[in-house]
Amino acid sequence: MRWLLVNVKQEGSVSFSVRFVGFEGRADFPQPRFVPGQTDDGTFRLYVDLDSIQQVRFNAFTFTAYVADAKPGGQKAAQFQITGNPTGSFRDAPVRVSFHIKDTGSNATGVILMPVYNATKTDLLQVEEQKEPAYVSISGNSPVLLRMGNVPDAPGISVTNLAVSE
């Protein structure tokens with residue numbers, strides 16, 4: 001399997017390197033965890049595991065992808081570790097990425113809409129400025145509503161921890 005270079009909004013690009021991991025004994029790839037794609041001739045399906053995306057050294061990111069036969073009844077899928085190497089300055093965004101699968105007897109290309117990541121120097125969350133001070137108790141916990149917005153067009157951001165200081 002080979003992934004092609006993708007341009008991101010005239011502001012940068014991402015090149016990909018592919019490492020074959022082995023075969024996985026699975027046939028189900030439920031959404032939204034897995035983003036599906038398919039070759040133009042309908043021979044293969046490609047699934048990107050969104051839960052596997054991690055930022056690694058420098059500005060690179062990795063994720064796991066699976067290639068399965070598009071015919072029903074396939075009980076295993078080829079597993080690949082993909083590394084994306086972004087260049088330029090662009091915000092995280094979903095883009096159309098071309099891929100190429102060469103197998104014994106078949107040679108197919110396809111496109112998948114998937115997120116690409118870049119460690120930009122801008123904040124990905126915007127906090128709405130509060131016009132008036134919020135009341136907080138000095139003797140206990142006080143709920144405070146903070147409105148946050150996601151700067152990139154997509155993907156969604158999940159805030160799991162928040163710290164407030166003076």
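The values are calculated or read from the model by the stated rules, or taken from the named source; none is laboratory data. On a predicted model such as this, the values are computed, not experimentally measured, just so you know. Note that each Cβ is placed from the backbone with ideal geometry, even for glycine, and that neighbours are counted across all protein chains shown.
Quick look at the values:
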quantity	calculated
Residues being farther than 17 Å from Arg91 by Cα and either at pLDDT 75 or above or not small (Gly, Ala, Ser) (or both) - total across segment 149-166	6
Some residue of segment 4-11 being surrounded by fewer than 19 Cβ atoms within 10 Å (Cβ to Cβ) and modelled with pLDDT of 85 or more	no
Verdict on Gly84 being more than 19 Å from Phe23 (Cα to Cα), surrounded by 15 or more Cβ atoms within 10 Å (Cβ to Cβ) and not basic (Lys, Arg)	yes
Hey, Asp92 acidic (Asp, Glu) and surrounded by 14 or more Cβ atoms within 10 Å (Cβ to Cβ) or not	yes
Meets criteria (among the hydrophobic types (A, V, I, L, M, F, W, C), in contact (Cβ under 8 Å) with a residue 12 or more places away in the chain and under 23 Å from Ala93 (Cα atoms)) for Ala65	yes
Enumeration of residues in segment 70-90 that are assigned to a strand (DSSP E or B) and either of a type in the set (Gly, Ala, Ser) or under 16 Å from Pro115 (Cα atoms) (or both)	Ala77, Ala78, Gln81, Ile82, Thr83, Gly84, Asn85, Pro86, Thr87, Gly88
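Yes/no per residue for (1) out of contact with any Pro (no Cβ under 9 Å at 6 or more places or on another chain); (2) surrounded by fewer than 16 Cβ atoms within 10 Å (Cβ to Cβ); (3) modelled with pLDDT of 80 or more; (4) of a type outside the set (Val, Ile, Thr):
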| residue | (1), (2), (3), (4) |
| --- | --- |
| Arg19 | yes, yes, yes, yes |
| Pro32 | yes, yes, yes, yes |
| Lys71 | yes, yes, no, yes |
| Gly74 | yes, yes, no, yes |
| Asn107 | yes, yes, yes, yes |
| Leu113 | no, yes, yes, yes |
